[in-house]
Structure formats: C-alpha cells, structure tokens
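First the structure, in the form of structure tokens, and then the observations on it.
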Amino acid sequence: MDGPSQPIQSLLLHGSVVSSGDAPAFAGILSALRGRALELTYSRPFHAALSERGLNAPGDAVLEKEGLEGQSPDMILTFGGDGTVLETAAMLAGRPIPVLGINTGRLGFLSHLPMPGAAEALASILAGHYKVERRAMLAVDFPSAGLGDHFRALNEITVHRRDVASMIRVSVHRNGVFINRYWSDGLIVSTATGSTAYSLSCGGPIIHPDSNSIVLNPIAPHNLHDRPVVIPLDGTLEIQAEGRDEHLMLTLDTRSHTVPAPARFTVKPAEHPFLLVQLPDVDFIETVRRKLHLGLDAREGDFGSEAQENRPQAR
C-alpha cells in the first residue's frame with residue numbers, strides 16, 4: 001500500500017445509470033466538484049445519464065472514445081457498483097491512474113465509498129488524504145481468438161461450457177508442471193481481489209489482497225475431491241479446455257467472449273497493477289466482516305441494523 005498522495009487537479013467521471021432517487025446526491029457531488037478549480041471530464045455514457053436527469057452543465061468535457069487515449073487524469077471516479085469499477089479497469093488498459101469507486105448500490109468491495117456523505121469525503125480525498133492499493137491483474141495470451149491486445153482481468157478469468165449440458169475438460173499446467181485436469185462446468189482463475197466475487201460464490205476462499213496469490217476454482221466439478229487450490233501469483237498458467245461443443249465461453253470480469261474449442265491460452269500476472277483508491281481508515285478484513293456478516297450469529301439475537309444495511313442483494 002502507498003501512503004497519502006498528491007492533491008487532485010483533474011478527474012474523469014464514469015458511470016452508466018443515474019436513478020431518480022440518487023439524483024439529489026449526484027447533484028450535491030457534482031456541485032462540490034464543479035465549485036473547485038478542477039479539470040472535469042465525463043465518459044459519454046455517464047454524461048448521457050446525467051443529461052437525462054438535467055444534471056449536465058454547459059461546456060462539459062465529454063470523452064468521445066471508449067478508451068482513454070490521450071487522457072491522463074489524476075484520478076477516475078466511478079459511480080455504480082463493483083461492475084463499474086471492473087469496466088474502468090478494462091478501459092485503463094494498464095494505465096497507472098488511480099480509481100475511486102462511489103457506491104450507488106449496497107454490497108461493494110471495490111466500489112466502497114457510499115453516496116451518502118460522498119461529497120464531504122471527496123473534499124478530503126481531493127486534498128490528498130487517501131491511500132492507493134496496488135491490486136494484481138491477470139493477462140491472457142490467446143492469439144487464435146483474435147480478442148485484441150488489452151486482454152486483462154481484475155477479478156477473474158473463467159472458461160466454461162456454452163450451449164451444451166455436458167461437462168468440459170480443463171487441463172492446467174503452471175510453468176510446465178501439471179496441476180490438474182478438471183471435469184466440470186468450467187474453471188475460475190481468480191485474483192485475490194476476485195476472491196470475494198464469483199469464486200466465493202463457488203465455494204472458494206477469501207484471499208487478502210496483499211497476498212500474492214490466485215485461486216484455481218472448478219465450477220461444479222464432477223469429482224468431489226477437486227477443491228479450490230491457492231497458488232502463487234507469479235508464473236504462467238497453460239490452460240487447455242475442450243468439450244463436445246465447437247465453442248466455449250471465456251470471460252474476463254464483466255466481458256464474455258465466444259472462443260473456438262479446443263481453447264489453448266496462457267494466464268500470467270499483468271505487467272501493471274490496478275490502482276484502487278481507499279480512504280485511510282478502510283481495512284479489508286473489517287470490510288469483509290461487515291459486508292459478509294462474519295462473527296454474527298442468529299443464535300445470539302438479532303443481527304442488528306448494521307447487518308440489515310449491508311445485507312447482500314440477490315444475485
């Protein structure tokens with residue numbers, strides 16, 4: 001982790017939805033930002049969502065392209081949930097720009113700053129009172145799929161069956177050493193950051209983001225002794241997946257791609273980490289405990305207002 005950073009002079013704001021209920025909070029945040037001597041740029045989807053609520057301003061600078069070519073803001077603010085942060089990670093394509101997630105939903109590990117009080121918190125953040133966590137990302141090398149050069153994931157990479165009910169076979173080697181051959185619906189390769197996402201839903205362990213580890217987690221394995229395995233982050237995974245269908249699905253965070261089978265590709269740590277902005281008093285263990293209700297027991301009475309407030313939404 002890095003310590004407090006330099007004051008912020010320029011921001012890129014990204015999101016996709018501005019609900020009517022959140023419109024007053026958005027208005028307050030935008031007023032606070034526009035009242036400062038900041039260079040503000042808006043992603044096109046976010047500016048369009050603001051326009052629908054009458055929250056845009058004359059002369060707003062709008063990012064014309066999906067990527068960040070030619071843009072180098074001091075920080076990116078995302079408005080939404082963890083999915084919006086993951087979208088931003090893809091947009092960055094390895095650029096070392098810190099990202100702060102402002103949560104408009106309920107459960108968020110990456111988008112952790114709640115809308116209520118965000119305007120006040122931003123004043124401290126813009127003055128440089130924040131820390132930056134370096135979160136490892138994974139890079140995929142899959143030339144035959146024609147998926148482009150910037151093929152990275154912050155949470156997980158998953159290969160799984162597409163249209164057929166039968167299982168697929170996924171073989172995994174690390175640095176040339178055989179690990180396992182899974183008969184399953186698919187395989188999740190999760191970062192420590194992603195250990196609280198899809199992998200956790202499939203029975204995987206929670207990994208502290210400071211751990212240089214990844215998780216291999218089969219999805220609905222045929223052999224019940226095939227359990228999630230934690231291995232070092234460094235090194236190269238060689239993965240081959242095949243099944244009865246001519247195609248498989250390969251996902252990177254929120255993006256899905258149909259790829260030909262058999263699929264042969266490698267996974268290794270990305271060259272550059274993702275820079276996640278955190279408030280100075282935020283602790284990962286405390287966040288997990290609060291959001292997943294760790295240490296709470298119904299036998300000891302009502303979970304209380306804190307548990308109700310952070311109850312996960314239905315998947």
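Structural remarks
- For the stretch 150-166, taking the residues that are touching a residue at least 24 places away in the same chain (Cβ under 8 Å) and surrounded by fewer than 19 Cβ atoms within 10 Å (Cβ to Cβ), the one that is farthest from residue 182 (Cα to Cα) is identified as 150.
- Any pair with Cβ under 9 angstrom, 6 or more apart, that starts in the stretch 277-290 at a residue that is in a loop (DSSP other than H, G, I, E, B) and ends at one that is of a type in the set (Ser, Thr, Tyr): 279/124; 279/130; 280/124; 280/130
- Flag for residue 95 being of a type in the set (D, E, K, R), surrounded by fewer than 13 Cβ atoms within 10 Å (Cβ to Cβ) and under 25 Å from residue 279 (Cβ atoms): no
- Selection of the stretch 1-42 for residues being assigned to a strand (DSSP E or B), surrounded by 15 or more Cβ atoms within 10 Å (Cβ to Cβ) and without any contact (Cβ under 8 Å) to a residue 40 or more places away in the chain yields 40, 41, 42.
- When the stretch 50-107 is filtered for residues that are over 20 Å from residue 119 (Cβ atoms), more than 20 Å from the chain's Cα centre (by Cα) and not aliphatic (A, V, I, L, M), the ones remaining, listed by number, are 51, 52, 58, 59, 64, 65, 69, 70, 71, 72.
- Of residues in the stretch 171-189 being small (Gly, Ala, Ser) and closer than 14 Å to residue 266 by Cβ, the one nearest to the chain's Cα centre (by Cα): 171
- The single condition among (1) of a type in the set (S, T, N, Q); (2) free of Cβ contacts under 8 Å to residues at least 12 places away in the same chain; (3) in contact with a His (Cβ under 6 Å, 6 or more places away or on another chain) that residue 51 does not meet is (3).
- Subset tally (residues that are assigned to a strand (DSSP E or B) and either closer than 12 Å to residue 12 by Cα or not hydrophobic (A, V, I, L, M, F, W, C) (or both)) for the stretch 90-108: 4
- Among the residues of the stretch 140-170, those identified as outside any strand (DSSP E or B) and within 18 Å of the chain's Cα centre (by Cα) are 150, 151, 154, 155.
Only the coordinates and a few stated rules stand behind these numbers; no lab work does. Since the model is a prediction, treat every value here as computed from it, not as a measurement. For neighbour counting, all protein chains shown are included, and Cβ atoms are generated from backbone atoms with ideal geometry for every residue, glycine included.
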